[in-house]
Amino acid sequence: MSRAEKAKEYFKSGYTCSQAVVLAFSDLCGVSEEFLLKQALPFGGGIGRLRLTCGAVSGLVMAYGAIFGTSELDAEKKKTAYQEIRGLVEAVQAETGSVICADLLAGKNLAVEKGGVAEERSAEYYKKRPCADLVYLAADLLEKFLAKKGVFSA
């Protein structure tokens, strides 16, 4: 099973979009799954259901940072990270038209509600929402990127 497929399954089992993506790469992150799940939680729903940056994209960025980030003040590593993340996020945007949660939902003719409580996950929920596919896309792009960088074989 690919990491993208795992991420989609994590989402379908109830994790937020951001948690699902980062969890699929947890073995490469150098921190516990518990920490990743805690950190990624509020990024779901476009950051706390504000419908801003897509949670799947946030999960991709968090996983990248946990894998390649540094605690050193290193201008070259920072430059590289920014370039690579721009490329990954732009790849999501090229595929979907946006990386903004509200735009992605509106593009599927869904009501865009900010705040409140997340909808109950049901078969109908998964049929109408693009989130599981966005989780898959974000994880797939990161998986292919990591394989290309030689982090693992895809």
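Laid out as a table, the results:
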| read-out | value |
| --- | --- |
| Region 53-81 - residue that is in a helix (DSSP H, G or I) and among the β-branched types (Val, Ile, Thr) and, of those, farthest from the chain's Cα centre (by Cα) | Thr80 |
| Filter result (buried (at least 23 other Cβ atoms within 10 Å of the Cβ), among the β-branched types (Val, Ile, Thr) and assigned to a loop (DSSP other than H, G, I, E, B)) within region 16-37 | Thr16 |
| Test for Ala40: is it surrounded by 14 or more Cβ atoms within 10 Å (Cβ to Cβ) and more than 19 Å from Glu120 (Cα to Cα) | yes |
| Ala63 over 24 Å from Gln93 (Cβ atoms) and aliphatic (A, V, I, L, M) | no |
| Single unsatisfied condition, Gly45 versus (1) in contact (Cβ under 8 Å) with a residue 60 or more places away in the chain; (2) more than 22 Å from Arg3 (Cα to Cα) | (2) |
| Counted residues, region 47-65 - those being more than 21 Å from Lys144 (Cα to Cα) and either of a type in the set (A, V, I, L, M) or crowded, with 20+ Cβ neighbours inside 10 Å (or both) | 4 |
| Residue within region 7-27 that is at pLDDT 95 or above, of a type in the set (A, V, I, L, M), under 24 Å from Glu84 (Cβ atoms) and more than 12 Å from the chain's Cα centre (by Cα) present | no |
| Pair list, Cβ < 7 Å and 6+ apart or interchain, from region 1-15 residues that are part of a loop (DSSP other than H, G, I, E, B) to residues that are surrounded by fewer than 22 Cβ atoms within 10 Å (Cβ to Cβ) and of a type in the set (Val, Ile, Thr) | none |
| Only listed residue being touching a Gly at 6+ places or on another chain (Cβ under 8 Å), of a type in the set (A, V, I, L, M) and in contact (Cβ under 8 Å) with a residue 12 or more places away in the chain, chosen from Val112, Val135, Val99, Val92 | Val135 |
| Residues that are surrounded by 15 or more Cβ atoms within 10 Å (Cβ to Cβ) and of a type outside the set (Val, Ile, Thr), drawn from region 66-92 | Ala66, Phe68, Ala81, Leu88, Ala91 |
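The values are calculated or read from the model by the stated rules, or taken from the named source; none is laboratory data. Everything quoted here is computed from the prediction, not taken from an experiment. Quick reminder, even Gly has a Cβ in these numbers, built from the backbone with ideal geometry, and neighbours come from all protein chains shown.
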